[in-house]
Amino acid sequence: MKTIKTANGRSIEIALDKSLYNKNEAIASINRRLLEEHGIKAVDILGSIGSGKTTITGCMAEILGKKKAVAALAGDITTTIDADRIREKGAEVLQINTDGGCHLDANMVKNALPMFDLEQLDILLIENVGNLICPGGYPVGAQQRMVVVSTTEGPYMIVKHPYIFKDASVVAINKIDLAAAMEVDLAQLKADALTIKPDIRVVFTNGRTGEGISELIAALGLTD
Ligand code: MG
Ligand code: ZN
């Protein structure tokens, strides 16, 4: 039960519906098992609109694709722009159109998985919908989560969204070339992430030049 106080001091009780969350969690477990049975490493890639998720996913697919079978799932509200951009990098891409929905859920991913040749696949990169709030509450069954944060989002991006980082193993701090112009202190952003989650791995990236992408792949353990 959650209590919300209104402006006039009255409080409203809201019963939190746990059943939806539990249902998603159950389907995420099915996905996790299916991926594991096929030895597929999956990464759920989260981040705000414009943080650089697609560019980074494309860069990772390009490098990983030289040695591994890589596919991507691109969550998008309406367009196929992101899926097309990743496909240009040589990866097999499936678009999940959420039809306005602001996050992917486990059931969408469950329906998408049989579209890939799971026997052949090594790595699945799942680009979630651009949103730092609710995707955090909907695990899709990937073994790892990565959050992409851009310096253009300002100095308080990480401290203001602690929950999204708690379940992430890696954070990519992207567009580092713009940090000075944005008056963002990269060391402070890194420190903020480590304060929220001491064992999170922080990698500085520039998706336009490819800087840091190999380190990101290593931090996610995708090269083993
Ligand atoms: Mg995108
Ligand atoms: Zn949502």
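Here is how the numbers come out for the structure above:
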| quantity | calculated |
| --- | --- |
| Selection status of Asn131, of a type outside the set (Ser, Thr, Tyr) and within 13 Å of the chain's Cα centre (by Cα) | yes |
| Count of the stretch 163-186 residues which are in a helix (DSSP H, G or I) and in contact (Cβ under 8 Å) with a residue 60 or more places away in the chain | 1 |
| Every pair of residues 6+ apart whose Cβ atoms lie under 7 Å, when the first sits in the stretch 52-81 and is on the phi < 0 side of the Ramachandran plot and among the hydrophobic types (A, V, I, L, M, F, W, C) while the second is within 10 Å of ligand 1 (Cβ to nearest atom) and outside any helix (DSSP H, G or I) | Ile56/Val148; Ala72/Glu127; Leu73/Glu127; Ala74/Glu127; Ile77/Val129 |
| For Gly212: the one exception among (1) at pLDDT 95 or above; (2) touching a helix residue (DSSP H, G or I) at 6+ places or on another chain (Cβ under 7 Å) | (2) |
| Tally, over the stretch 166-211, of residues that are under 15 Å from the mean Cα position of the chain (by Cα) and of a type in the set (A, V, I, L, M) | 8 |
| Exclusive hit being under 26 Å from Ile40 (Cα atoms) and of a type in the set (Gly, Ala, Ser), set Gly154, Gly212 | Gly212 |
| Selection within the stretch 34-54 - charged (D, E, K, R) and within 14 Å of ligand 1 (Cβ to nearest atom) | Asp44, Lys53 |
| Selection count, the stretch 163-189, where residues are among the basic types (Lys, Arg) and either surrounded by 15 or more Cβ atoms within 10 Å (Cβ to Cβ) or within 17 Å of Thr54 (Cβ to Cβ) (or both) | 1 |
| Members of the stretch 138-162 that are open to solvent by 10 Å² or more (accessible area, probe 1.4 Å), of a type in the set (A, V, I, L, M) and either touching a strand residue (DSSP E or B) at 6+ places or on another chain (Cβ under 6 Å) or part of a loop (DSSP other than H, G, I, E, B) (or both) | Ala142, Met157 |
| Within the stretch 44-91, tally of residues that are within 12 Å of the chain's Cα centre (by Cα) and either over 16 Å from Leu220 (Cα atoms) or within 16 Å of ligand 2 (Cβ to nearest atom) (or both) | 13 |
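The values are calculated or read from the model by the stated rules, or taken from the named source; none is laboratory data. None of the values given here were measured: they were computed from a predicted structure. No Cβ is skipped: glycine too gets one built from the backbone with ideal geometry, and neighbour counts run over all protein chains shown. Surface areas here come from the heavy atoms of the whole protein model, side chains and all, with no ligands, DNA or RNA. Shrake-Rupley method; radii C 1.70, N 1.55, O 1.52, S 1.80 Å.
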